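We did not get these values from a lab; they are worked out from the coordinates using the rules stated. Because the structure is a prediction, the values reported are computed rather than measured. Because the Cβ atoms are built from the backbone with ideal geometry, glycine has one as well, and the counts that use them run over all protein chains shown.
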């Protein structure tokens, strides 16, 4: 869904002191210790301004963590303000494990110094939200790969190393405000044409450049003190019948495989028939889950929601859709799921507008739900 928020980040001022965040202590020693070694590589332009490749810094991939160890089934939400997230917690009867936020793409400063991390607007201090309970909360950061109105060859430029320094700055800025253990949705929904700032491309050459750029960005953001988890996050269905396996940048650069799922653009009215039709799509929920299992990665559902009836063929208040998604979360190895609880981006409704669906949501994801973490 098109949900990018275009806040302009503050410039100048002193960042707050770094904050400790130990959400992944159980994953074993060395997982957060990948280091970028040696001198910095930088892009140099040739006379005709064509990208000239530079070698990335030497880099050691993090040890592989089996998906079974990452099957935390964290419960999350996408919302704009901390107070609304707290109200959602109270309504659900359990704390939020994570919240999904969207960075701005107005320029490189907006990408590398995200609004929610540097002088956040009143009521949207998400780094403070994490700092208040660092062992229980994680921020999921959705970021574009280039600013708006990018050059047509931005994928090749990224693959050549032109943007490496921006991603080092991104990593340093997040570490400095205590968000070095965030989950990063780098170029989320890249298989959808609606995001020019991270669309993977319509041909193999562009897709290969995109994948190489993705890898370079991941390597560059792994700065001292960082422990990011990288979520390779597609949208269910689209992209000219290209399967996820042909877009995947590789095991060493991905921790989580995500898919965004909405109950829309499906013709059948019957909930069972709708779910079956979704399963027949390219990159369906089950297709992505099976691919994740084949590479031993946990899956995520960073955005999912019921959708209002109307032009997008939404299913409206659908307890069946909630149950169907909860069944997948309960049965698969899932790192986290976050309900898109705002009416924007074409969703047109929230859980408050769906009494039947919201009742099932509380039952399945609440404190005693079978699709949520157990609480002591």
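Could you calculate the FRET efficiency of residue 294 with residue 267 from 1/(1 + (r/R0)^6), where r is the beta carbon distance between them and R0 is 25 Å, rounded to 0.05?
So, using R0 = 25 Å, E works out to roughly 0.25.
Once both labels are modelled 7 Å past Cα along the beta-carbon direction, what's the residue 107-residue 205 spacing in nm?
3.2 nm
Show me the ranking of peptides 93-102, 354-363 by mean Cβ neighbours inside 10 Å, starting with the highest.
The most tightly packed comes first, giving 93-102, 354-363.
Percent relative contact order of the chain, based on C-alpha pairs within less than 8 angstrom and at least six residues apart?
19 percent.
For the chain, find the longest principal axis of its Cα atoms and tell me its angle to the long axis of helix 164-176, 0 to 90°, nearest 10.
60 degrees
Only bridges whose two residues both fall in segment 34-365 count here: according to DSSP, what percent of them are antiparallel, nearest 5?
Antiparallel bridges make up about 10 percent of those DSSP assigns within segment 34-365.
Arrange the following residues from fewest to most other Cβ atoms within 10 Å of their Cβ: 222, 86, 212, 205.
Ascending number of Cβ neighbours within 10 Å: 205, 86, 212, 222.
Would you mind getting me the FRET efficiency between residue 149 and residue 312? Use the beta-carbon distance for r and R0 = 22 Å, nearest 0.05.
Once rounded, the FRET efficiency stands at 0.20.
Given 0.36 nm per residue, what is the gain on full extension from residue 356 to residue 55 after removing their alpha carbon distance, in nm?
That pair, residue 356 and residue 55, stretches by 102.9 nm at full extension.
Of the listed values [x] 21; [y] 13; [z] 40, identify the label whose number matches percent of Cα pairs over 38 Å apart calculated from this model.
Matching entry in [x] 21; [y] 13; [z] 40: [y].
Enter the angle in degrees (range 0 to 90, nearest 10) between the Cα long axis of helix 285-294 and the first principal axis of the Cα atoms of the chain, meaning the one along which they spread out most.
50 degrees
Report Rg(Cα)/(2.2 N^0.38 Å) for segment 174-299, keeping two decimals.
Cα Rg divided by the expected 2.2 N^0.38 Å: 1.14.
Distance in nm between label sites at residue 277 and residue 251, each 7 Å beyond Cα in the beta-carbon direction?
So the label points at residue 277 and residue 251 sit 3.8 nm apart.
Against the longest alpha carbon principal axis of the chain, how many degrees, from 0 to 90 and to the nearest 10, is the axis of helix 204-221 turned?
Value to nearest ten degrees: 80.
How would 259, 130, 223 line up from fewest to most surrounding beta-carbon atoms within 10 angstrom?
In increasing order of surrounding Cβ atoms, one gets 223, 130, 259.
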